[in-house]
Amino acid sequence: MSEEQFKSGFVSIIGMPNAGKSTLYNALMGEKLAIINPKAQTTRHRILGIKNGENHQIVYSDTPGILRKTSYQMHEKMMKFVNESMDDSDVLVLLVDIHGRDFSDDIKQKFQKSKAKKIACLNKIDTSNQQELIAKLEAFKEEFEADIYLPISAQEGFQIEVLEKYIVDFLPFHPPFYPEDQLTDRSERFFVNEIIRNNILKLFDEEIPYASEVVTLSFKEDAKLVRLNCEIILERPSQKPIVIGKNGAGIKRLGIDSRRDLEAFLGKQVYLELFVKVRDDWRNNKTMLKQFGYDAD
């Protein structure tokens, strides 16, 4: 097939926290690459997912939720991922929860100024009624200028195929950017960290999910077994006994749940060792942020 007949491009999903970006990303990919949790700031990095179809390749990008206020340098790096995705995308998918919060004027201006094709999606319409949907859709069109407006439900899969059809239509003619058998730009270690961090989000409340990071120190694999040595990084000494729990019950539960999910992801038996370390104020430490995979320039 000639390059003139093939389409390929970058598609970024942007929106406020809890708009359903990761759910939509996974639905479009047909793979569970992004962790999903009702807590805010679940997605911290820009995760590329590569999906090949007939005569096209879509490079999807899941991004952190847009924050009104950045309290830590980590938040600033997360917002840098969002801004980069808006700058280099061929198609922007703006996702708005039908019951969600308003965007800042800054984000609205950046969205409008983007040269990308724009698809504005009103999400979670399965939680609304027809009258509310019509009113919200009209207000949505007044607030954002886009090429396409589409009511969807990422959770229920409603209009996802229609959305992808529009995306393919908007892709530029270009040869593929990635090999056909590549699914993502991220390593297995990255997804190990994300799977464990997702279980931290599920098991712990208050500041623990937001003050924690996971680092895989050792990843050793043979034909039947994967041996993992991972550190859970916390911000203050007072957080450590909460994660460990009484008589080690917290870290044991985290290990059991994470090992189950890791075995499903890796397709092999997993031997998992977890350690808890404190790194004071790591979310404001440029060196640590770089070590943990955040852009610290």
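The values are calculated or read from the model by the stated rules, or taken from the named source; none is laboratory data. Being a predicted model, the structure only gives us computed values, none of them experimental. FYI the Cβ positions are ideal-geometry reconstructions off the backbone, even for glycines, and counts take in every protein chain you see. Protein only, heavy atoms only, side chains kept; ligands, DNA and RNA dropped before computing areas. Shrake-Rupley method; radii C 1.70, N 1.55, O 1.52, S 1.80 Å.
A few notes on this one:
- Residue within region 102-115 that is crowded, with 16+ Cβ neighbours inside 10 Å, within 28 Å of Glu84 (Cβ to Cβ) and of a type in the set (A, V, I, L, M) present: yes
- Against the test of being in contact (Cβ under 8 Å) with a residue 24 or more places away in the chain and assigned to a helix (DSSP H, G or I), the options Glu180, Glu138, Glu194, Glu161 yield a single qualifying residue, Glu194.
- Look at region 45-58: where a residue is in contact (Cβ under 8 Å) with a residue 40 or more places away in the chain and a partner is among the β-branched types (Val, Ile, Thr) and open to solvent by 10 Å² or more (accessible area, probe 1.4 Å), sitting 6+ places away or on another chain with Cβ atoms under 8 Å, you get Ile47/Thr184; Leu48/Thr184; Gly49/Thr184; Ile50/Thr184; Gly53/Val168; His56/Val168; Ile58/Val168.
Residues checked against (1) more than 16 Å from Pro209 (Cα to Cα); (2) modelled with pLDDT of 90 or more; (3) hydroxyl-bearing (Ser, Thr, Tyr):
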| residue | (1), (2), (3) |
| --- | --- |
| Asn247 | yes, yes, no |
| Gly255 | no, yes, no |
| Glu263 | yes, yes, no |
| Tyr271 | yes, yes, yes |
| Val276 | no, yes, no |
| Arg279 | no, yes, no |
| Trp282 | no, yes, no |
| Ala296 | yes, no, no |
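- Scanning region 63-76 finds no residues that are more than 23 Å from Tyr294 (Cα to Cα), touching a Phe, Trp or Tyr at 6+ places or on another chain (Cβ under 8 Å) and at pLDDT 75 or above.
- Selection of first residues in region 254-280 that are of a type in the set (Gly, Ala, Ser) and of second residues that are surrounded by 13 or more Cβ atoms within 10 Å (Cβ to Cβ) and not in a strand (DSSP E or B), restricted to Cβ pairs under 7 Å at least 6 apart or on distinct chains, gives the following pairs, ordered by first then second residue: Ser258/Ile195; Ser258/Ile196; Ser258/Asn199.
- For region 168-225, a residue qualifies if it is over 21 Å from Ser12 (Cβ atoms) and β-branched (Val, Ile, Thr), and the qualifying residues are Val192, Ile195, Ile196, Ile200, Ile208, Val214, Val215, Thr216.
- Number of positions in region 216-232 that are surrounded by 20 or more Cβ atoms within 10 Å (Cβ to Cβ) and closer than 18 Å to Lys290 by Cα: 2
- Filter result (in contact with a Lys or Arg (Cβ under 9 Å, 6 or more places away or on another chain), open to solvent by less than 40 Å² (accessible area, probe 1.4 Å) and within 22 Å of Lys32 (Cα to Cα)) within region 263-291: Val270, Leu272
- Among the residues of region 121-137, the ones that are of a type in the set (Val, Ile, Thr), over 17 Å from Tyr149 (Cα atoms) and either open to solvent by less than 60 Å² (accessible area, probe 1.4 Å) or over 25 Å from the mean Cα position of the chain (by Cα) (or both) come to 0 in all.
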